[in-house]
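Quick notes on the structure that follows.
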Amino acid sequence: MSVLSLFDLRGQAIVVTGAAGGLGLAIAEAVLDAGAHVVMSDIDGAALGAEVERLQPRARGALLAQAADVGDPQVPVGVDAHQDVLQVWLEHD
């Protein structure tokens, strides 16, 4: 039994903030490897785009990028920003 079989996230939708680097990126990579659909969000849109492009080929689930400042209460992020897409993902798994 592999470690990933213990953490099978197929059919789950996860939003990761701070996903362009550091711990956020490591978490995004781990949940992608476990099969989750992932929305990666970060204030640095350029770095985020580069990481999403790098990770796209290894994604077992769907992968979206959202450049946003999660500290700004006027900016919808995560589940609120992608509710329609997340619903489609979850209905078709």
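Since every read-out is calculated from the coordinates, none of them should be taken as a lab result. Please read these numbers as outputs of a predicted model, since none were measured by experiment. Positions of Cβ are generated from backbone atoms using ideal geometry, with glycine treated the same way; all protein chains shown enter the neighbour counts.
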J(HN,Hα) series, region 24-33, from Karplus relation 6.51 cos²θ - 1.76 cosθ + 1.60, nearest Hz, glycine and proline x: x, 5, 4, 5, 4, 4, 5, 6, 5, 4
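What does the charge count around I43 come to, taking other residues whose C-beta lies under 11 Å from its C-beta (Lys +1, Arg +1, Asp -1, Glu -1)?
Numbers: positive: none; negative: D42, D44, D69, D72.
Residues near I43 contribute -4 overall.
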Label point 7 Å beyond Cα of A46 along Cβ direction - residues of region 19-35 with amide nitrogen under 16 Å: 20-21
